[in-house]
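S.K.: Here it is, the structure in full.
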Amino acid sequence: MGDAMRGAKLSLEGISKSYSAGGVELDVLKDVYFSMVGGERIAVTGASGIGKSTLLHIVGALDRPDAGRLICDGVDVFAADDKHLAGFRNRTIGFVFQFHHLLPEFTALENVMLPRFIRGEKGEGVRKDAEAILDRVGLSRRLHHRAGELSGGEQQRVAIARAVVGRPAILLADEPTGNLDGKNSSQIHELLDELNCETGMTVVVVTHNMELAGYMDRQVTLEGGQVVERT
Ligand SMILES: Nc1ncnc2c1ncn2[C@@H]1O[C@H](COP(=O)(O)OP(=O)(O)OP(=O)(O)O)[C@@H](O)[C@H]1O
Ligand SMILES: [Mg+2]
């Protein structure tokens, strides 16, 4: 675990979320309680369709829960209006989507620089950081490819670079190595470990890979709408 002063402390207090679609009411998260301290590395596993992405989207303030609170360093995140929520997402959270969500017409480098531009940062430093992080995910020879011209695994690696380029306090990664082969997926986990050590960022990774999950500080499973601690 890295410097616990840097990563944010996060608590879920009674989080519930239901969907209704096609006449069916689905209670995906049922009164979830869960806490993580700054700098922890947590693996989330669970069956397909159980609610892992739903949980991660709420923790990243991309979706509001139906009930419950998300407390980040003492602040009630969802008590804020949408403008402040956007600020929380941009400054505190790095998010790797399950289906990466890159801008296909923009280059790998532009996609990675974007979160820093949104923060109002610009200049040579932003480009240098983006190039350096793309180098670390093995894409130094793809900087000027459009995202749509990259392979699925390459796009996933750009998405990871984009999520970490702003050194977020909390990295939320939804199956970041789902499209990657064994070697590339180990490299990504090594990178996340290095960043966790360097910056103390809290890391929450959804994964089906039990071996990689085993290297994290904590393993939890989502079962019956609740988070169950494994270690
Ligand atoms: N916007 C939505 N509207 C209606 N139902 C939804 C919506 N989003 C998710 N669901 C349902 O909620 C359940 C949980 O979905 P979620 O994407 O969180 O699962 P998951 O654990 O991430 O699955 P996977 O491992 O396949 O990615 C699923 O049964 C899904 O059909
Ligand atoms: Mg999912």
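The values are calculated or read from the model by the stated rules, or taken from the named source; none is laboratory data. These numbers come from a predicted model, not from an experiment. So basically every Cβ, Gly included, is an ideal-geometry build from the backbone, and we count neighbours across all protein chains shown. Please note that ligands, DNA and RNA were not included when accessible areas were found on the heavy atoms of the full protein model with its side chains. Shrake-Rupley method; radii C 1.70, N 1.55, O 1.52, S 1.80 Å.
Let's see how each residue does on (1) closer than 13 Å to Ala130 by Cβ; (2) among the aromatic types (Phe, Trp, Tyr); (3) at pLDDT below 90:
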position: His144; (1), (2), (3): yes, no, no
position: Leu150; (1), (2), (3): no, no, no
position: Gly153; (1), (2), (3): no, no, yes
position: Val164; (1), (2), (3): yes, no, no
position: Ala169; (1), (2), (3): no, no, no
position: Ala173; (1), (2), (3): no, no, no
position: Thr177; (1), (2), (3): no, no, yes
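S.K.: Within the range 166-183, which residues are away from ligand 2 (no atom under 13 Å from the Cβ), closer than 16 Å to Thr207 by Cβ, open to solvent by 10 Å² or more (accessible area, probe 1.4 Å) and not polar (S, T, N, Q)?
M.R.: Across the range 166-183, the qualifying residues are Leu180, Asp181, Gly182.
S.K.: For the range 158-208, which residues satisfy the criterion of being of a type in the set (A, V, I, L, M, F, W, C) and part of a helix (DSSP H, G or I)?
M.R.: Val158, Ala159, Ile160, Ala161, Ala163, Val164, Ile188, Leu191, Leu192, Leu195, Cys197
S.K.: In addition: Counting only residues that are touching a residue at least 60 places away in the same chain (Cβ under 8 Å) and among the small types (Gly, Ala, Ser), give me the strands (runs of 3 or more DSSP E) lying completely in the range 20-75 with at least 1 of them.
M.R.: Answer list for the range 20-75: 41-45.
S.K.: Another question about this same structure. Any idea which residue in the range 90-138 is farthest from Ala173 (Cα to Cα), counting only those that are charged (D, E, K, R) and part of a loop (DSSP other than H, G, I, E, B)?
M.R.: Among those residues, the one meeting the criterion is Lys122.
S.K.: Anything in the range 113-131 that is surrounded by 13 or more Cβ atoms within 10 Å (Cβ to Cβ), of a type outside the set (Lys, Arg) and more than 20 Å from the chain's Cα centre (by Cα)? List them, or say none.
M.R.: Selection gives Glu121, Val126, Glu131.
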